[in-house]
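A short write-up of the structure that comes next.
Taken together, the values in this text are just the output of simple stated rules run on the coordinates, not laboratory data. Every value quoted in this text rests on a predicted model; they were computed, and no experiment measured them. Counting neighbours? That spans all protein chains shown, and the Cβs are built from the backbone with ideal geometry, glycine included.
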Amino acid sequence: MDIENTDNQEIFRLSTFDIGVAIEITSDVLLSKISGVIVDVKSDTIIIKPKAIDDFHEKIPKGTVITVRCIIGESVFRFISVLKDVVFKPTMLALIEVPELIRKEERRDKRRINCKLPCVLVIKENKIKACVQDLTPTGCRCSLYESGMLDKWSAKFLIEEDCAVEIFLPVGGTKKELSVKGMVKYLSTAYDRFDIGIEFHMSVEEEKQMIETILKRGW
């Protein structure tokens with residue numbers, strides 16, 4: 001399968017999706033999206049397990065054109081496919097066509113500013129020293145460096161996708177710290193560090209202004 005990067009039109013090759021990748025299905029025949037998970041990838045078929053949808057085969061008839069969206073790390077993959085069939089034993093599974101083209105998109109729709117900004121994350125009442133590696137008005141990527149107190153394995157037990165997080169960031173040129181609340185959207189390991197992607201809630205105007213100030217002042 002080809003993946004097209006919509007930013008620079010570079011073509012990637014993808015031999016298979018990781019088993020267990022979560023997906024979202026949308027279609028003109030659906031009133032709302034359907035979530036599921038990829039359970040297998042064949043040469044011409046992707047096998048999907050829809051979540052908690054007993055009438056999937058009634059909502060999406062055979063031959064229906066669907067849009068599939070899945071998130072892997074920091075990237076969003078999206079492709080158009082067609083429902084080939086639905087099987088019911090030993091469990092209900094949907095069989096869709098393998099697409100010729102898969103679009104790779106940035107998860108955040110704002111330009112990322114690379115940085116090295118020390119911060120403190122509060123997750124499940126635990127304070128963790130980290131470093132913001134890139135920042136936008138809507139989210140950031142943080143690295144949690146391994147130490148005797150927190151390695152990447154214990155971090156996996158502590159940090160889960162969609163868990164709440166509060167980030168304490170220094171205000172440029174001062175000793176003052178301000179915090180912004182968010183949610184963990186992905187986890188990944190890279191050599192000697194543990195990276196997490198955070199989506200800001202931005203429910204308070206002060207938080208929005210703080211991020212804008214940091215982006216303007218730099219570090």
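Summary table below
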{"read-out": "Stretch gain in nm, segment residue 164-residue 91, where the contour uses 0.36 nm per residue and the Cα spacing is subtracted", "value": "22.9 nm"}
{"read-out": "When each of 33/89; 129/181; 59/104; 124/185; 33/59 is checked by Cα-Cα distance, pairs over 18 Å", "value": "33/89; 59/104"}
{"read-out": "Separation of the residue 100 and residue 176 label points, Cα + 7 Å toward Cβ, nm", "value": "5.8"}
{"read-out": "Additional length obtainable on full extension of the chain from residue 143 to residue 37, 0.36 nm per residue less Cα span", "value": "35.4 nm"}
